[in-house]
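Trainee: The structure's right below; bear with me while I get my questions together.
The values are calculated or read from the model by the stated rules, or taken from the named source; none is laboratory data. Remember, it's a predicted structure, so these values are computed and weren't measured experimentally. Note that each Cβ is placed from the backbone with ideal geometry, even for glycine, and that neighbours are counted across all protein chains shown.
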């Protein structure tokens, strides 16, 4: 299955992925409208260690702790991709507590959110990958 | 592999079904459910009262779950278990045979013998959906509610009804809220937050006697109430297992494949006593994720597959009125503690023997899972890693090689 | 003494309605122009630091940024331009020589733009490169004057060493040090994929790039940095750099600050020491000395590699080239006055040398007049900007061209002309690791390959239009060119007729 | 308008040739009649023929065919010739007055032998000496033009349609074993006698149909070796290239063909190693002599003909046989006129030389 991978050699720490992600998942057709003056809830985040930066997003584990741990049964795997049913989610954030990658986070209305590979939004394939200026994030089979 | 039988219809049972089906798509599975409900998420009963979910969305698995998994669901209470004949007898005398059995009976509320409890018109426990529905019926806009027990159940209940009643008072013999998961520093932070929301506390004190609408406290105080909720604690449902000759302690004793001391009988979830890797002891780890994982592990082994669990740890993610709390692991008295306060939150890390033994975060819990994994995996932390650990939960705590491995391939 | 304030050349125009304060501009600007003001909650800019490299403009996700030329001008004066006056202020402030980067930006004639290319109509069919084979391969190097046969009458095929290129373009010299590791990696990988060559420049060859040796021209310059046996042996050809179009008669100076880590090791000079390339090679004060160096290098490489001699296009270039052609060199590279540089004194860059078009035309004709054109190949550089320029250069007589600025642009350069600062926001002209990583060689090489593929297609289209199906039939085929708006003298030097003739 | 030599003249054309492998005589009417069906391939601005074996009685002497603009030019030129050659015979070339051919110059021929003393002083062989002399006359002596300079062969050309030119020169009275013919369709010349084709140097002659796109690349290269492309025609430069490759570099006809109509690199790379090495070598060394653009040529010399198309075969050309004769023409119709029963018609591929040689001792 194709997943999103980061190559820290090329990550510039520009954080564009976060904004592209938040925009892609906003459901709006204009980034300014989607993000201006609002808190940004992205499903990818940049971490920094010893001057190295890299993007972290859901690994779409084969046997994901979040799916097993969700108290509401709101997280499931569809065609390999781990998805959150935000209608069912009650925002207990157990998934946040168990994800070893720190890739699930509290979203705008309290429900948990995570990378769903932009498969369902208008972007169609991961917006972080499309928008990365340095190919530091790739979407591929490994 | 023959006939599978699961007693109980909660999270562990679902885990068990999915575990069996990951290995054996054919054989029959029968589930005996004491509650006459499609499997739902128990922890959601407080969210239900709060209006954050509804009966439809509370379903832990979709409506077609049993059908799709070839599961026969029977409503009824199992009363007898004969390990030799491999039968289970229900309250209605119906008999069910099995080749492999999994006991997922969970736990039930522990209600101490209070003097005068019978004089209280409206008193409830808070464990099942039916408890919640019953409580809901009793609620009025100006009810005064007294909750005995400031643990997870008591406080979640308090949160759930807060907006629907006149006042909520919580008492607990312990000197702090959430004493099972928070140390006193963190409990203070949480208590302050809850008090700001209007919750009243009587800590280090508890009801000893009731009379009508009045509770008499250990301290001598008297508290008037309209509704009483008893959330003192829970007990593992071990009766059937004991009957069958399984070794039982506080919970049913199981090994790391979830097998009890009796052949072909497994147990999983709140009724069992599994291995807590954070303390290295066996104990009841009554939390939902563990129930699922134990159930799944049991299911796989029942179906002839191979699975073992030995990295379970206690952990909790719980929020009250928008303030989240994430905890995991143990808080050894001799650990080095790193504490950081920010805004209305707090972060306390317990480091022992160069490992993160446990942590409590109140406030921004994002990425707490990285800490949880450090606890679960007992990752050794060098000086650099410790610094990164203190800074924030992130993959930067790991060495570059491990980090690249974590991010570099399918997992 | 307080420095005379010079109003910033550029202004940052931020569309407040569009800016979402994502701070990408702030993180990406090595000149520290942008800053987030937490009190005001908005982005602010310090325009005095802006070099108009367009990094922020390019990465701004909401297109909220624009860098515009400041309209704060001095009183208009046709003789004393703003630039001239500001240069005087700068020199009065500092007492220093003005430094610039990249090629001559002055509005001097670009002859490429005054030359037009022919196409077939009726009497001769144009050829469709998508249907018919169309060849662009060239071999650079000395060609034998006479066919020799062995005792069996078979032709003896031991040609002098040749540089085989799939198309008549090479990436010209840019040293490791002046440009980054990743820029070199991009060039090396692209050259290899394309079947052409790139040129190390005078900074030596990083050990990681020895594997690209068959597509590498190594340079021996006056500083002799990084020159050793393995270096020479690794290459496809060796280039003696006598001069550079951007700064003829001037040596090079890479400040010690850039001589760090691998750069220092590759150049074989101590960390932190200035890398000074003298103006002349101190063992070459005349043409006969050059011949000695040419043959020294041939000896060192066992006569297996062509030797290139690179010179700047200066006034008597034809005579110089004739001398080089007789020095044993296999290839002459001529760099015109619009050629780029990582740093050069402004006055030199803008005022010394001659246009490559004229230099090429006169050298090619001179070598033919002397009957020695086949003894050497001619490579020209110094602002070859497009496939059309390549075709014109070849038709004027070049065997191949050198491109550098176009290659830099392909890799992301926005021609802000401040390479000398070492803070290149595009990861090219810098050694700062955080900036170097901005050029991912996967992208850099892909873009270079794209560019050259595009040029190759265009070259073929242009050739096809002329009815030419192999590049060698274009070489020196000046009938395919016509001038527009050129004087009789210019036409005479270029050896072409005026359009309409 | 500019004349040949002042501007490059491209032109479309008709070509035809016939040769007897047995060296048997063929009269000139055979070839000029063959040009009739290809009338429309010419436009009346030039026609010409090359004939081999026509001067058996002077076969050891160089036969110079001249156009002179004036009697005085002829006198000066004759004086110059006598400084360098033993002039065995000089005469007007016989012509027939016909209305189709007008404005003829003075057309003269000399049979000459280079003076041994001159060869010694210039340190060259007689061919090189003759070639240099011809170049010198054609570039330096205004009004004089040598249009044929080989032994036992001659070119005949004029402004007009080729079939008329043949009649004009009374070619039916000549007998040769090999003939080539050319009808010209130039597009930017008023027509000049010297500019008609074949073009020849020594005994090499070339008739050519096409317009090469590599002209200036070829001419500027070949001029490095003493040739002067005074006419700026394709035929002239092709003649010089073949002279350079065959006479001066000693290449075989096939090798020369692989230079001017070189196989594509992809083809070369598919050849056996030795062949590949040789073709790569030739293509590399003589890269400037690759001829691109359409051409079909017949190259003639004492003893043979070679037909060759450009490598993309952008011009028509056909060959055929009958008994000892081989025919080459732009169109099959021309061959049918020469020999209605011709057989083995073949259209050579681009770059594939067809070489016909007269049996040793038969010419």
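Trainee: Starting from segment B:40-63, take each residue that is more than 8 Å from every other protein chain (Cβ to nearest Cβ) and list its partners that are not in a helix (DSSP H, G or I), counting only C-beta distances under 6 angstrom and pairs at least six apart or across chains.
Mentor: Partner pairs satisfying both residue conditions: B:40/B:58; B:40/B:59; B:40/B:60.
Trainee: Looking at (1) out of contact with any helix residue (DSSP H, G or I) (no Cβ under 9 Å at 6 or more places or on another chain); (2) surrounded by fewer than 17 Cβ atoms within 10 Å (Cβ to Cβ); (3) at pLDDT 95 or above, which is the one condition that is false for residue B:5?
Mentor: (2)
Trainee: Further, regarding this structure: Could you please give the count of residues in segment C:486-501 that are modelled with pLDDT of 95 or more and either surrounded by 16 or more Cβ atoms within 10 Å (Cβ to Cβ) or within 14 Å of chain D (Cβ to nearest Cβ) (or both)? Walk me through it before giving the result.
Mentor: If we filter segment C:486-501 for residues that are modelled with pLDDT of 95 or more, which is where we start, we get C:486-499.
Okay, now just the ones that are also either surrounded by 16 or more Cβ atoms within 10 Å (Cβ to Cβ) or within 14 Å of chain D (Cβ to nearest Cβ) (or both), so C:486, C:490-491, C:493-498.
Matching residues across segment C:486-501 total 9.
Trainee: Mind listing just one residue for me: the one in segment C:386-426 that is within 16 Å of the chain's Cα centre (by Cα) and under 12 Å from residue C:357 (Cβ atoms) and, of those, surrounded by the fewest Cβ atoms within 10 Å (Cβ to Cβ)?
Mentor: Applying the filter and picking the extreme gives C:389.
Trainee: So, in segment B:64-106, of the ones that are in a loop (DSSP other than H, G, I, E, B), farther than 17 Å from residue B:29 by Cβ and under 26 Å from the mean Cα position of the chain (by Cα), which residue ends up farthest from the other protein chains (Cβ to nearest Cβ)? Before you say what the answer is, go through the steps one by one.
Mentor: So the first thing to find is which residues in segment B:64-106 are in a loop (DSSP other than H, G, I, E, B), and the list is B:64, B:69-70, B:76-77, B:83-86, B:91-94, B:98-99, B:104-106.
Restricting the remaining residues to those that are farther than 17 Å from residue B:29 by Cβ gives B:77, B:83-85, B:91-93, B:106.
Then drop every residue that is not under 26 Å from the mean Cα position of the chain (by Cα), which leaves B:77, B:106.
Values: B:77: 24, B:106: 14 Å.
Only one residue tops the list, namely B:77.
Trainee: When the residues of segment B:139-175 are narrowed to those that are in a strand (DSSP E or B) and in contact (Cβ under 8 Å) with a residue 40 or more places away in the chain, which ends up nearest to residue B:234 (Cα to Cα)?
Mentor: Restricting to residues being in a strand (DSSP E or B) and in contact (Cβ under 8 Å) with a residue 40 or more places away in the chain, the top hit is B:148.
Trainee: Let me ask you something else. Within the bounds of segment B:323-339, is there any residue that is part of a loop (DSSP other than H, G, I, E, B) and either within 14 Å of another protein chain (Cβ to nearest Cβ) or within 29 Å of residue B:113 (Cβ to Cβ) (or both)?
Mentor: No, the conditions are met nowhere in segment B:323-339.
Trainee: Further question: Would you confirm whether or not segment A:38-47 contains a residue that is in contact (Cβ under 8 Å) with a residue 24 or more places away in the chain and more than 17 Å from residue A:137 (Cβ to Cβ)?
Mentor: Checked against the condition, which is being in contact (Cβ under 8 Å) with a residue 24 or more places away in the chain and more than 17 Å from residue A:137 (Cβ to Cβ), segment A:38-47 yields at least one hit.
Trainee: Any idea which of (1) more than 15 Å from residue B:102 (Cα to Cα); (2) surrounded by fewer than 24 Cβ atoms within 10 Å (Cβ to Cβ) is the one residue B:247 doesn't satisfy?
Mentor: (1)
Trainee: Inside segment D:254-282, can you point out the residues that are more than 8 Å from chain C (Cβ to nearest Cβ) and either in contact with a helix residue (DSSP H, G or I) (Cβ under 7 Å, 6 or more places away or on another chain) or surrounded by 20 or more Cβ atoms within 10 Å (Cβ to Cβ) (or both)?
Mentor: Within segment D:254-282, D:256, D:257, D:258, D:259, D:260, D:261, D:263, D:268, D:269, D:271, D:276, D:279 meet the criteria.
Trainee: Count, please, the residues in segment C:145-165 that happen to be outside any strand (DSSP E or B) and surrounded by fewer than 18 Cβ atoms within 10 Å (Cβ to Cβ).
Mentor: 12
Trainee: All but one of (1) closer than 28 Å to residue D:151 by Cβ; (2) surrounded by 23 or more Cβ atoms within 10 Å (Cβ to Cβ) hold for residue D:309; state the number of the condition that does not hold.
Mentor: (1)
Trainee: Quick check on segment C:94-108. Is at least one of its residues at pLDDT 95 or above, surrounded by 13 or more Cβ atoms within 10 Å (Cβ to Cβ) and more than 14 Å from chain A (Cβ to nearest Cβ)?
Mentor: So far as segment C:94-108 goes, no, none of its residues is at pLDDT 95 or above, surrounded by 13 or more Cβ atoms within 10 Å (Cβ to Cβ) and more than 14 Å from chain A (Cβ to nearest Cβ).
Trainee: Out of the residues in segment B:366-385 meeting the condition of being in a helix (DSSP H, G or I) and in contact with a strand residue (DSSP E or B) (Cβ under 7 Å, 6 or more places away or on another chain), tell me which one is farthest from the other protein chains (Cβ to nearest Cβ).
Mentor: For segment B:366-385, the residue satisfying everything is B:375.
Trainee: Moving to a separate point now. Collect the residues in segment C:436-485 that are part of a loop (DSSP other than H, G, I, E, B) and crowded, with 22+ Cβ neighbours inside 10 Å, keeping them in residue-number order.
Mentor: C:437, C:438, C:439, C:440, C:467, C:468, C:469, C:474, C:475, C:476, C:477
Trainee: While we're on this one: Does at least one position in segment C:102-111 carry a residue that is under 25 Å from residue C:167 (Cα atoms) and outside any loop (DSSP other than H, G, I, E, B)?
Mentor: The answer is yes; a qualifying residue exists.
Trainee: Additional query: Against the condition surrounded by fewer than 19 Cβ atoms within 10 Å (Cβ to Cβ), at pLDDT below 95 and within 11 Å of another protein chain (Cβ to nearest Cβ), how does residue B:343 come out, does it pass? I'd like the intermediate steps shown before the answer.
Mentor: Values: surrounded by fewer than 19 Cβ atoms within 10 Å (Cβ to Cβ): yes; at pLDDT below 95: yes; within 11 Å of another protein chain (Cβ to nearest Cβ): no.
No; evaluated as a whole, the condition is false for this residue.
Trainee: Would you point out the residue of segment C:276-292, among those that are in contact with a helix residue (DSSP H, G or I) (Cβ under 8 Å, 6 or more places away or on another chain) and under 14 Å from residue C:241 (Cβ atoms), that is surrounded by the most Cβ atoms within 10 Å (Cβ to Cβ)?
Mentor: Our first condition is that a residue be in contact with a helix residue (DSSP H, G or I) (Cβ under 8 Å, 6 or more places away or on another chain); within segment C:276-292, this holds for C:277, C:281, C:283-284, C:287, C:290.
From what is left, the residues that are under 14 Å from residue C:241 (Cβ atoms) are C:277, C:281, C:283-284, C:290.
Details: C:277: 21, C:281: 20, C:283: 12, C:284: 17, C:290: 23.
Step by step, filter segment C:276-292, then rank; the result is C:290.
This table checks each residue for (1) under 30 Å from residue C:120 (Cβ atoms); (2) out of contact with any strand residue (DSSP E or B) (no Cβ under 7 Å at 6 or more places or on another chain); (3) modelled with pLDDT of 95 or more; (4) within 14 Å of chain D (Cβ to nearest Cβ).
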| residue | (1), (2), (3), (4) |
| --- | --- |
| C:418 | no, yes, no, no |
| C:439 | no, yes, yes, no |
| C:447 | no, yes, yes, no |
| C:463 | yes, yes, yes, yes |
| C:474 | yes, yes, yes, yes |
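Trainee: Hey, another quick one. Keeping to segment C:297-322, report how many residues are without any contact (Cβ under 8 Å) to a residue 40 or more places away in the chain and within 10 Å of residue C:238 (Cβ to Cβ).
Mentor: Summing the residues that are without any contact (Cβ under 8 Å) to a residue 40 or more places away in the chain and within 10 Å of residue C:238 (Cβ to Cβ) in segment C:297-322 gives 1.
Trainee: Out of (1) surrounded by 16 or more Cβ atoms within 10 Å (Cβ to Cβ); (2) modelled with pLDDT of 95 or more; (3) more than 17 Å from the chain's Cα centre (by Cα), the odd one out for residue D:17 is which?
Mentor: Against the list (1) surrounded by 16 or more Cβ atoms within 10 Å (Cβ to Cβ); (2) modelled with pLDDT of 95 or more; (3) more than 17 Å from the chain's Cα centre (by Cα), residue D:17 comes up short only on (3).
Trainee: Find the helices (runs of 4 or more DSSP H) located wholly in segment D:31-150 whose residues include 1 or more that are under 23 Å from residue D:178 (Cβ atoms) and modelled with pLDDT under 95, and list them. It would help to see each step written out before you state the result.
Mentor: Values: elements: D:71-84, D:116-122, D:126-140.
Passing ranges, in order: D:126-140.
Trainee: State yes or no: is residue B:283 out of contact with any strand residue (DSSP E or B) (no Cβ under 9 Å at 6 or more places or on another chain) and either modelled with pLDDT of 95 or more or away from chain A (no Cβ under 14 Å) (or both)?
Mentor: Taking the combined requirement at face value, the residue does not satisfy it.
Trainee: Separate question: Go through segment C:354-378 and give me each residue that's outside any helix (DSSP H, G or I) and either farther than 15 Å from residue C:323 by Cβ or touching a strand residue (DSSP E or B) at 6+ places or on another chain (Cβ under 7 Å) (or both).
Mentor: Residues satisfying the conditions are C:354, C:355, C:371, C:376, C:377, C:378.
Trainee: So which strands (runs of 3 or more DSSP E) stay within segment A:1-104 end to end and still have 2 or more residues that are within 13 Å of chain B (Cβ to nearest Cβ), in contact with a helix residue (DSSP H, G or I) (Cβ under 9 Å, 6 or more places away or on another chain) and under 30 Å from residue C:18 (Cβ atoms)?
Mentor: A:2-6, A:44-49, A:52-57
Trainee: Of all residues in segment C:146-176, how many are more than 9 Å from every other protein chain (Cβ to nearest Cβ) and at pLDDT below 90?
Mentor: 1
Trainee: Which is away from chain C (no Cβ under 14 Å), modelled with pLDDT under 90 and not in a strand (DSSP E or B), of D:160, D:166, D:194? Before you say what the answer is, go through the steps one by one.
Mentor: Details: D:160 fails: modelled with pLDDT under 90; D:166 fails: modelled with pLDDT under 90.
That would be D:194, the only listed residue that is away from chain C (no Cβ under 14 Å), modelled with pLDDT under 90 and not in a strand (DSSP E or B).
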